[in-house]
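To keep things clear, I will list the structure first and then write my remarks on it.
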Amino acid sequence: MTLASATSRPAGHAPRRGGDGRPLDHGAWFLVLPALIPILVLSVGPLLYGIALAFTDSQSGRTAPTRWIGGLNFQDLLHDTLFWDSFRIGLLWAVGVTVPQFLLALGLALLLHQELRFRWLARALAIVPWAMPEVVVGIIWRLVYNPDAGVLNETLRDVGLGDGRDWLSGLGTALPAVIVVGVWAGMPQTTVALLAGLQNTPRELHEAAAMDGASAWRRFLTVTWPALRPVALAITALNLIWNFNSFALVYVLTNGGPGGRTRLPMLFAYEEAFRYGQFGYAAAMGCVMVAAISVILAIRLAVRLGGGEEA
Amino acid sequence: MRTGKGARAGQYLALLGYLVFLGFPFLWLISTAFKPARELADLHPTWIPRHPTLANFRQAFDEQPLLHAALNSLLAALGAAVIAVLIATPMAYVMARGRTALARAATGWVVVSQAFPFVLVIIPLFLILKDLHLIDSRAGLVMVYVVWALPFALWMLVGHVRAVPAELEEAAAVDGAGRLRTLVSVTAPLLAPGIVATALFAFVSAWNEFFFALVLLKTPQKQTLPVVLTHFIGAEGVADLGPLAAASFLATLPSLVVFAVIQKRITGGMFAGAVKS
């Protein structure tokens with residue numbers, strides 16, 4: 001694939017990118033502005049504006065002018081147990097989805113890397129959840145979990161395991177049930193990422209290790225994993241962040257219920273902003289989420305700098 | 001590679017497990033979409049509808065403005081795809097070939113924009129678009145989708161530009177072509193397949209998008225397909241399963257088709273990048 005070959009070149013040895021030797025600086029602006037203006041106006045600007053809003057009492061439909069209130073929103077947030085419950089659920093969900101997702105995807109990627117029959121079918125199926133609108137993924141699993149007409153309860157009844165449960169509205173079952181959906185929905189990207197990583201592992205090394213009589217497990221540890229590590233770390237960090245920020249899936253599945261047991265931080269902030277009109281307060285929640293995400297990014301960076309990872 | 005017979009059997013068993021896990025929810029959707037109401041009420045549902053019917057599809061179109069919603073989605077997705085690619089291609093070129101601070105900043109933004117929670121962006125966007133009278137407007141939504149599609153579009157396109165040998169551009173320069181001439185007549189044609197794949201990806205992302213559409217569009221006639229789908233689920237979470245499944249199935253088909261076409265390029269672009277980032 002052209003892309004893979006183009007970008008997998010070791011960074012240090014890449015031909016200098018100013019390729020044709022002419023300076024880009026003057027002409028570059030002309031080429032960059034059409035994208036730069038929308039980015040600044042609709043992405044960077046709103047992001048900074050959003051952070052600023054966290055320090056105001058901005059509300060929807062307020063007639064009085066918005067005032068600067070300093071850290072008051074954050075003080076309130078500190079005592080908002082509902083938000084911290086939601087924050088905790090968000091972390092639980094992010095880790096609860098990312099870890100099994102990674103392990104399952106690793107297994108599938110290793111299988112698909114082998115020359116097995118029907119692997120084309122698995123590859124094709126693995127794409128389906130990825131291509132689907134998140135709303136539809138939510139709807140599909142509502143059908144699966146449906147207490148009366150759902151396939152899950154019917155199967156459980158068939159094998160004699162109890163008589164149907166409402167998985168999505170049980171206090172204890174709701175979070176595990178949505179986590180399963182999260183794992184399903186995100187498995188394709190992770191699998192494909194790991195598969196791409198596997199394709200970079202040097203085949204000769206593998207064969208040499210097999211010749212030396214190394215067990216499959218040893219070969220995985222000494223040959224496959226070291227080559228796979230950069231991809232695995234990158235995709236895991238991204239998955240943690242994406243999952244922590246997710247919205248549509250759980251909105252459709254449970255809308256945060258029952259009793260807030262699946263109310264992810266994004267759902268909480270969305271309600272606060274667009275149902276109760278508390279823009280400033282919701283923005284403060286967004287800032288706290290950014291802080292949490294920064295921790296993940298910082299860890300990732302530390303691993304990269306400390307671990308001697310080349311890429 | 002040598003693999004024992006037992007290990008092989010184990011591998012096929014595992015593969016079967018994955019196939020079931022990945023495939024059954026989608027099959028259940030199709031099965032539900034074609035079941036008559038009577039079979040859906042059955043306490044012992046079957047996999048294959050005994051009396052397959054299209055009634056759910058008819059009912060879905062009667063209950064919600066599906067056709068209208070599909071048209072809205074199509075317009076938003078096409079608009080986002082075309083504009084995103086038009087403005088991303090020159091920028092990706094600069095990012096790939098330039099060593100300016102600008103190129104570095106743009107790369108930084110691409111990475112960071114993957115990480116921030118959208119709620120932090122949507123509140124100010126809502127206020128800005130309200131001031132511009134672009135709330136509840138398709139144009140406003142397209143603008144948001146363009147910017148939302150840009151990071152990944154740039155990511156994919158930068159990879160494609162790097163794959164074009166700079167020597168070709170040098171040759172054009174020797175022949176006296178200016179920078180823009182070179183880009184348009186030498187580089188762009190070679191980028192065409194990458195540009196098409198990027199546009200299709202932007203199309204699918206916008207077609208599937210839910211959060212921004214939910215917040216920005218209030219008038220039912222303007223809402224996109226994913227938002228209208230959630231109307232099938234009542235306030236109490238009670239849903240009319242048949243029409244819900246039928247409408248969901250239809251909404252998924254376009255993205256599945258497009259994805260099947262571009263799948264290889266996306267995965268290549270995404271993860272060649274992921275290794276490097």
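The values are calculated or read from the model by the stated rules, or taken from the named source; none is laboratory data. All values reported here derive from a predicted model rather than from experimental measurement. Glycine gets a Cβ as well: all are built from the backbone with ideal geometry, and neighbour counts include every protein chain shown. What goes into the accessible areas is simple: the full protein's heavy atoms, side chains included, and nothing from ligands, DNA or RNA. Shrake-Rupley method; radii C 1.70, N 1.55, O 1.52, S 1.80 Å.
For the stretch A:184-200, accessible area lost to neighbouring protein chains reaches 10 Å² or more, against the chain alone with a 1.4 Å probe, at A:Trp184, A:Met187, A:Gln189, A:Val192, A:Ala193, A:Ala196, A:Asn200. Between 0 and 90 degrees, the angle of helix B:5-33 with respect to the longest Cα principal axis of chain B falls at about 70 degrees. Amide H to amide H, which residues 5 or more places from A:Thr56 or on other chains are under 5 Å from it, using H placed in the peptide plane? Here the answer is A:Ile69, since their amide H atoms fall under 5 Å of that of A:Thr56. Summarised in one figure, the compactness ratio Rg/Rh of the protein assembly as shown, Cα atoms and Kirkwood Rh, is 0.97.
What do you get for trypsin sites (Lys or Arg not before Pro) in the stretch A:58-108 restricted to DSSP loop and a cutoff of at most 14 other Cβ within 10 Å of the site's Cβ?
Numbers: sites: A:Arg62, A:Arg67, A:Arg88; in loops: A:Arg62, A:Arg67.
The qualifying sites are A:Arg62, A:Arg67.
Each of A:Leu221 and B:Leu27 was given a label point 7 Å from its Cα along the Cα-to-Cβ line. The distance between the two points is 3.9 nm. Helical content alone sets the calculated 222 nm signal of chain B at -25000 deg cm²/dmol, taking -39,500 (n - 2.57) per DSSP H segment of four or more residues and averaging over every residue.
Ignoring ligands, DNA and RNA, what percent of the 1.4 Å accessible area of chain A is carbon and sulfur? Could the numbers behind the result be given before it?
Working: 9090 of 14320 Å².
Carbon plus sulfur share of accessible area: 63 percent.
Shielding of peptide A:46-59 by partners, expressed as the average count of other chain Cβ atoms within 10 Å per residue Cβ, is 4. Of the trypsin sites (Lys or Arg not before Pro) found in the stretch A:255-307, the ones in coil according to DSSP and having at most 13 other Cβ atoms within 10 Å of their Cβ are A:Arg275.
At R0 = 51 Å, how high is the FRET efficiency between B:Ala177 and B:Leu43 if r is their beta carbon distance? Nearest 0.05 is fine. Let's see the in-between values first.
Details: r = 73 Å, r/R0 = 1.44.
The value I calculate is 0.10.
Cα-based radius of gyration for chain B, normalised by 2.2 N^0.38 Å, reads 1.25.
Legend: calculated FRET efficiency, A:Leu205 to B:Leu256, from the Cβ-Cβ distance at R0 = 35 Å, rounded to 0.05, equals 0.40.
From the alpha carbon centroid of the stretch A:73-117 to that of the stretch A:252-291 is 17 Å. Shape class for the stretch B:173-231, computed from the alpha carbon gyration tensor (a ≥ b ≥ c): prolate, with a/c not under 1.5 and a/b above b/c. What the Cβ-Cβ distance of A:His79 and A:Ile37 gives, at R0 = 35 Å and to the nearest 0.05, is a FRET efficiency of 0.25.
Computed in the context of the full set of protein chains, the accessible area of chain B at 1.4 Å probe radius has 69% of its extent on carbon or sulfur.
Averaged over the residues of peptide A:207-220, the number of Cβ atoms from other protein chains lying within 10 Å of each residue's Cβ is 1. For the stretch A:26-116, what class follows from the C-alpha gyration tensor (a ≥ b ≥ c being the square roots of its eigenvalues): rounded when a/c is under 1.5, otherwise prolate if a/b is larger than b/c, else oblate? Oblate, because a/c is 1.5 or more while a/b does not exceed b/c.
Rounded to the nearest 500, the 222 nm mean residue ellipticity of chain A from helices alone is -21500 deg cm²/dmol, with -39,500 (n - 2.57) taken per DSSP H run of at least 4 residues.
For the chain pair A and B, the buried solvent-accessible surface (1.4 Å probe, both sides summed) amounts to about 9800 Å². Comparing B:Ser113, B:Ser73, B:Ser205 in a Gaussian network model of chain B, where Cα atoms under 10 Å apart are tied by springs, the biggest mean-square fluctuation is seen for B:Ser113.
Return one whole number: the accessible area per residue of the protein assembly as shown in Å², for a 1.4 Å probe. List each step's numbers first, then the result.
Details: 25960 Å² over 588 residues.
Ligands and nucleic acids excluded, the figure is 44 Å² per residue.
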